[in-house]
1. If I model a spin label at ASP130 and ASP36 as a point 7 Å from the Cα along the Cα→Cβ vector, what separation in nanometres do I get?
2. Mind giving me the nanometre distance, one decimal, between the label points for ASP186 and ASP305, set 7 Å out from Cα along Cα→Cβ?
3. What distance in nm separates the simple spin-label points at LYS146 and ARG116, each placed 7 Å from Cα in the Cβ direction?
4. By average Cβ neighbour count within 10 Å, what is the ranking of 236-244, 57-65, 301-309, 96-104 from highest down?
5. With only alpha-carbon atoms counted, please give the Rg and Dmax of region 8-228, in Å.
6. How do PHE141, PHE22 rank when sorted from fewest to most other Cβ atoms within 10 Å of their own Cβ?
7. Using only the alpha-carbon atoms of region 163-235, report the extent along each of the three principal axes, biggest first, to the nearest angstrom.
Amino acid sequence: MVSESPTFYELMRAQGTSRRSFLKFCTLTAAALGLDPSYAAQIAEAMQTKPRIPVLWMHGLECTCCSESFIRSGHPLAKDVILKMISLDYDDTLMAAAGEQAEAILDEIPKKYKGRYILAVEGNPPLNEDGMYCIVGGKPFVDKLKAVAADAMAVIAWGACASWGCVQAAKPNPTRATPIDKVITDKPIIKIPGCPPIAEVMTGVIAYVSTFGRLPDLDNRGRPLMFYGQRIHDKCYRRAHFDAGEFVESWDDAGARAGYCLYKMGCRGPTTYNACSTLRWNGGVSFPIQAGHGCIGCSEENFWDNGPFYQRLSGVGLGLAVDATADVVGGTAAGVVGAAVVAHAGASVVKHLRRDKPPQQPPQSNSDRGAGQS
C-alpha cells in the first residue's frame, strides 16, 4: 500500500513504457470495453490525471472460481489491472499479507479513502445463526461486509454467488445465503453474474470504473449493459440452425455432430444475458455451446433451481411461445414458401426458410434492378 497513489500513466512510465505504447494500450482498452475508438483519448487523459482507485476484495460463501477466472484475463491482463490500473489493497486470496496485518487494512482504507474506494465482493453472506456459517478473521462475514461497505463509493458483486445467491441459496437454503444487494441497500451495486463471470468482463468493469470514475450503464437488474445487453442466443454461431429449424434431438446424433442448435437439449441461450457468444472464454477460444454443451443460464437469477439443465424450457415466463416457435420452425421450414416471421424469447425474430418463387413479372431492365424483389 502506497501513501500517495500514483496515476496509471506514472506507473507505466516508471516501468519504461513509451508514450506510444501507452496510447496503444488506451486504444486496446477502449476496444475491450466495446467503446468507440474516440474514447481512447478520454481513457488516456483519465489514466494520466486520476490516481488509482483503492479496491478491497472480500470473500464470503463461494468457491473462488471468480478469482480463478479474473487472473486469466487477457484484455487487459489481470496483472495490469492489479498492479497498475487499481490499488488492490486487500484480497485474502491474492495478497501477501496475512493475519492481523491483513485485517487491519479493512479498517485503514475506509478511513483514509472515505467515499473513494471500491468494495468488490466474491461470494455472499449467510444470515442464519447471526452469520456464524461464514467467519472471516474471527468475525461473521456479514458484519465485516456491512462495515467495509459503509464508506465505499460503489460495490461490485462478483459472480452468481454475490449477485443472486447461487447454489448456496438453493432450496431450502439452510444457512440463509443472501445476495449482496439484499444486505447492502444504500450503495450503488454493479452485478457481474456468472459462475464464474468471463475474465475480460471482470477486468473490463474495473477498467471502466477506474478510468471514468463512474459506474457503467446498468440494466434493470444491475448488470453492465456493455456486457449483459444481449442474450447469448442473439450472437450464437448456432443461431442460423435455430432459424432453419435444425436442432440436436439427442446427444451425439447427426445434428449434434453437424453443430445444430442445442435449444431442444435444454440450452438456456435464448433467455440468458451474457457476453459468452462474443467474448467467449480462455482468451476467446471457445464457450460451452461451442464445446457442444447447452448454456445453463448461470448469469441469470435462480438458475440452480430452474429445473433440470437438460430439459427444454417450455414456459420461459416472457409471454411468448418460445417452445412452440422451435417446433413450428423445425416442422415447417423445409416446405414454407414466402416469409413467415414470429417473435420469440423476448426480443428476437425467427424467420422460416423460404424458397424463391418463379418470377411473376417480366424481366426488369438493368436500370430497374436494385429495387426490392419479392
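1. Taking the simple label geometry, ASP130 and ASP36 are separated by 5.6 nm.
2. About 2.9 nm, to one decimal.
3. 2.8 nm
4. Per-residue Cβ counts within 10 Å, averaged per peptide and sorted highest first, yield 57-65, 236-244, 301-309, 96-104.
5. 17.3, 57
6. PHE22, PHE141
7. Answer, in whole Å and largest first: 40, 33, 22 Å.
No lab work stands behind these numbers, since they all come straight from the coordinates. Owing to the predicted nature of the structure, the values given are computational and were not obtained by experimental measurement. Note that each Cβ is placed from the backbone with ideal geometry, even for glycine, and that neighbours are counted across all protein chains shown.
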